[in-house]
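The values are calculated or read from the model by the stated rules, or taken from the named source; none is laboratory data. Source: prediction; values computed, not measured. In this analysis, Cβ positions are derived from the backbone assuming ideal geometry, glycine residues included, and neighbour counts consider all displayed protein chains.
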Amino acid sequence: MSQLYRAAASEGLIQHPLDSMTLIFQKSSGITHMVADPVPAILTVMGTDALTADDITGRLSDSYDLEDSGNAADIVLARLVELCSLGLVERV
Amino acid sequence: MNLQMALGWRRHLLLHASSVEKDGKALLMTGLSGSGKSTLSAMLAEKGWRFMGDEFALLNPDTGMLHSFPRLISLKNQAIATMQAIVPENRFGPLMKGTPKGDIRHVKPPLDAVNKMKDAAKPALLLFPRFGHDPALRDIGKSEIFVRLTQASTNYVALGETGFRALTQFVDTVPTRAMDYQSGDQAEELIDSLWSKLP
């Protein structure tokens, strides 16, 4: 769990919340992503920092009431892997 | 012509939708083939609305205004008889029977639609009509509306960020309902009920 991740620069993304979903338009690719929680929250707490999945989970715990903190790190890691494949997060 | 329009146009966000206007406000209708969007726009055009188009609605990404694209209206199957009951015969073209899409007959839009085709209108209501079901109006979540409209747009991807901003603004500001109906009268009643409550 020591792998570091960094979110794509926020100026390259447009986040637009709708209802239960959030749109993320990626300027570099022109692709519109539609994501659900906790992805917007993950990107928000990552900011511009290079962080591990545990770091991100910690920041989420500080900012949000996590219902099941037991496997939160696993969920965050799974989302990070998906976000890497979409180009919204990079491995550092 | 439609293909050229669908693939080449960049000045507006193109929505595969019919539209009519009243009091400067536009009603858009989009849905699958057979939903009745074309017939409904043609019918409303004979009942006090200005016909803006039955194929493409052109959304200006800078102003959010809707521009018209009135052309011949392509009626299919039972819509032909419906429109023959309310439109003079001299506005119809020849009946083409047994095409791959069934019987087809074109009708000219009212002259008013062509004379005012440069008049833009503010999008005020979006409907997803569905013909053949008990009359009903249903709310739809914004996520579903957004996805359906990207599917209904022929140039959303080509417009990039401009298209994204235009479509999200549209979804955020234009009231939207799914509408089931079994007859033109039912649809007109449902539309009037929604229209009368608009700000």
Among the strands (runs of 3 or more DSSP E) confined wholly to the range B:7-113, which include 2 or more residues that are closer than 25 Å to residue B:168 by Cα? B:13-16, B:18-22, B:25-29, B:50-53, B:56-59
Flagged pairs (Cβ under 6 angstrom, 6 or more apart or on separate chains; first in the range A:3-19, within 11 Å of chain B (Cβ to nearest Cβ); second surrounded by fewer than 16 Cβ atoms within 10 Å (Cβ to Cβ) and part of a loop (DSSP other than H, G, I, E, B)) are A:12/A:27; A:12/A:28; A:19/B:141
Being acidic (Asp, Glu), buried (at least 21 other Cβ atoms within 10 Å of the Cβ) and in contact with a strand residue (DSSP E or B) (Cβ under 6 Å, 6 or more places away or on another chain) is true for just one of B:21, B:55. Which residue is that? B:21
Kindly check whether there is at least one residue in the range B:182-193 that is part of a helix (DSSP H, G or I), modelled with pLDDT under 95 and surrounded by 18 or more Cβ atoms within 10 Å (Cβ to Cβ). yes
From the options B:92, B:131, B:56, residue that is at pLDDT below 95 and out of contact with any Leu (no Cβ under 7 Å at 6 or more places or on another chain): B:131
In the range B:158-173, which residue that is of a type in the set (A, V, I, L, M) and surrounded by 18 or more Cβ atoms within 10 Å (Cβ to Cβ) is nearest to the other protein chains (Cβ to nearest Cβ)? B:171
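Scanning the range B:128-157 for residues that are of a type in the set (Gly, Ala, Ser) and within 12 Å of chain A (Cβ to nearest Cβ), which turns out surrounded by the most Cβ atoms within 10 Å (Cβ to Cβ)?
B:153
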Strands (runs of 3 or more DSSP E) lying entirely in the range A:1-83 (those with 2 or more residues that are under 11 Å from the mean Cα position of the chain (by Cα)): A:5-7, A:31-36
In the range B:82-110, what residues are surrounded by fewer than 15 Cβ atoms within 10 Å (Cβ to Cβ) and either under 18 Å from the mean Cα position of the chain (by Cα) or of a type in the set (Gly, Ala, Ser) (or both)? B:85, B:93, B:98, B:102
